Amino acid sequence: MTVSLFKALSDETRLRLVRILLKHRLSVNELVTILKMGQSRISRHLRILTEAGLLTSERDGLWVFYQAAMDGEQQPFLSAVAPFVENIPEAGTDEENTQALLEEKRSKAAVFFNDIADDWDSLNKDILGDFDLTKEVCAAMPPSCGMAVDLGCGTGTVLRHMLPQSSGIIGVDISSGMIEACRKNLSGLSKAGKTVSLRIGELEHLPLRDQEADFACVNLVLHHLQDPRQALPEIRRILSPNGRLFIADFKKHNDEYMREKYGDLWLGIDRLQLAMWLRDAGFTHTVIHEQKVNRGLTLLLVSTHVSPPFAHQ
């Protein structure tokens with residue numbers, strides 16, 4: 001077993017791939033762009049690493065994504081070699097190319113949502129139909145809620161209904177167009193003693209202080225992120241010790257139309273995988289319900305709490 005693992009890493013290109021995929025979850029075409037090599041060459045090396053158990057692959061509609069094995073018997077080996085592959089000669093160039101790729105994707109997402117900001121509510125209605133997502137969010141809010149946050153707030157429809165049940169609201173979105181539409185939607189809504197704050201930012205790097213919020217919702221947003229897992233610890237950071245989180249997102253599906261029309265990066269999220277991500281990010285008492293919507297899609301409606309700190313013995 002050990003010999004086969006070292007043999008799988010006995011190639012410069014495979015070392016570069018492992019180094020990148022220890023940090024990121026990427027498709028073959030994205031790796032082709034980063035390493036500037038042909039697809040057949042990249043695919044061959046990915047196959048060797050996957051067969052050795054060093055990488056895992058996941059099909060998402062027509063795309064296949066790779067990442068380093070996060071668990072299993074090969075994981076300790078990967079942890080041991082990680083510091084060494086970080087120092088390979090090509091590391092600097094690969095990191096620069098990776099960050100350029102990710103920044104381009106973020107920029108395209110922002111432009112996409114700027115362009116459709118005026119139509120966003122009607123587009124959501126096409127998918128959700130008669131299902132009242134706003135009502136579900138408000139029902140998940142704790143009694144006497146302090147600061148409530150909508151992460152990926154869009155045009156502010158949910159925020160408008162959250163305000164009466166909270167001491168204040170904060171909306172965060174990557175799109176300046178969405179924030180502007182949200183500002184118009186909430187115009188004149190500020191009430192005495194209540195905060196209404198709108199901020200541009202990414203879910204992976206939220207423009208909020210530690211424990212600034214008591215409740216957060218993330219509606220139809222995680223499937224737009226390059227790596228949804230990265231957002232969850234960041235959301236945990238901004239929630240108070242008794243904070244609650246509500247997530248609404250699509251269950252795993254194969255409708256490629258959602259990529260074309262709505263700019264989705266992921267065709268939904270696996271229910272069990274999402275529960276595990278939440279546990280690892282520091283959430284507990286997670287409850288997940290399913291709700292059928294249009295186009296044969298299913299929503300995962302998730303309610304979860306911040307895990308209490310471990311008691312010191």
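The values are calculated or read from the model by the stated rules, or taken from the named source; none is laboratory data. On a predicted model such as this, the values are computed, not experimentally measured, just so you know. Note that each Cβ is placed from the backbone with ideal geometry, even for glycine, and that neighbours are counted across all protein chains shown. Ligands, DNA and RNA are stripped out before the accessible areas are found, and what is left, the full protein with its side chains, is counted by its heavy atoms. Shrake-Rupley method; radii C 1.70, N 1.55, O 1.52, S 1.80 Å.
For Glu73 and Ser167, a Förster radius of 45 Å and the Cβ-Cβ distance give a FRET efficiency of 0.35, rounded to the nearest 0.05.
Along the axis of the charge dipole computed for the chain (Cβ charges of +1 for Lys and Arg, -1 for Asp and Glu, origin at the Cα centre), the listed residues Val32, Leu220, Ile179 are led at the positive end by Leu220. Placing +1 on the Cβ of every Lys and Arg and -1 on the Cβ of every Asp and Glu, with nothing else charged, gives segment 1-101 a dipole about its Cα centre of roughly 280 debye. Trp266 contributes an accessible area of around 10 Å² to the protein surface, as traced by a 1.4 Å probe with all chains present. In a simple Cβ point-charge model (Lys, Arg +1; Asp, Glu -1; nothing else charged), segment 162-313 has a dipole of about 440 debye relative to its Cα centre. Considering only beta bridges that DSSP places wholly inside segment 115-209, some 10 percent are antiparallel. Summary of the geometry: segment 89-165 and segment 202-217, compared by the centres of their Cα atoms, lie 13 Å apart.
Helices in the chain, meaning DSSP H runs of at least 4 residues, each add -39500 (n - 2.57). Divided by all residues, the mean residue ellipticity at 222 nm is -13000 deg cm²/dmol.
Extension gain, Arg44 to Asn254: 0.36 nm times the residue separation minus the Cα-Cα distance gives 73.0 nm. The charge dipole of the chain, taken about its Cα centre with unit charges on the Cβ of Lys, Arg, Asp and Glu (plus for the first two, minus for the last two), comes to roughly 320 debye. Here the accessible area of the chain is 52 percent carbon and sulfur, with a 1.4 angstrom probe and all protein chains present. Per-residue surface analysis assigns Glu86 an accessible area of about 70 Å², computed on protein heavy atoms at 1.4 Å probe radius. Considering only His45, Gly72, Thr56, and ranking their Cα positions along the charge dipole of segment 1-92 that arises from unit charges at the beta-carbon of Lys, Arg, Asp and Glu, the one farthest toward the positive end is His45. The residues of the chain have, on average, 48 Å² of accessible surface per residue, using a 1.4 Å probe with all protein chains present. Cut-off under 30 Å on the C-alpha distance; same-chain residues fewer than 8 positions from Lys7 excluded. Which lysines are left, in chain and number order? Counting by Cα, and skipping residues close in sequence, Lys7 has these lysines nearby: Lys23, Lys36. When the chain is modelled as a GNM with alpha-carbon springs shorter than 10 Å, which of Val218, Val287, Val137 fluctuates the most? So, out of Val218, Val287, Val137, the one fluctuating most is Val287.
Once the Cα-Cα distance is subtracted from the 0.36 nm per residue extended length, the Arg199 to Glu234 segment shows a gain of 11.0 nm. Approximating the spin labels as points 7 Å out from Cα along Cα→Cβ, the Arg209-to-Leu102 distance works out to 2.8 nm. Taking Tyr257, Tyr262 and ordering them by how much accessible surface each has at a 1.4 Å probe, largest first, produces Tyr257, Tyr262. For segment 137-260, what proportion of DSSP beta bridges, expressed in % and rounded to the nearest 5, is antiparallel? Antiparallel bridges: around 5 percent, rounded to the nearest 5.
DSSP beta bridges confined to the chain are antiparallel in about 50 percent of cases. Bridging of Lys125 to lysines at a Cα separation below 27 Å is possible for Lys105, Lys108, Lys135, Lys184, Lys251, Lys252, Lys261, Lys292, once same-chain residues fewer than 8 apart are set aside. Pop the C-beta distance of Asn242 and Met37 into the FRET formula with R0 = 45 Å and round what comes out to the nearest 0.05. Plugging the Cβ-Cβ distance into 1/(1 + (r/R0)^6) gives 0.35. Local charge for Cys138 was computed over the other residues whose Cβ lies under 15 Å away, with Lys and Arg +1 and Asp and Glu -1, and equals -1. Note on the chain: GNM, Cα springs under 10 Å; of Ile238, Ile269, Ile48, the largest mean-square fluctuation is that of Ile48.
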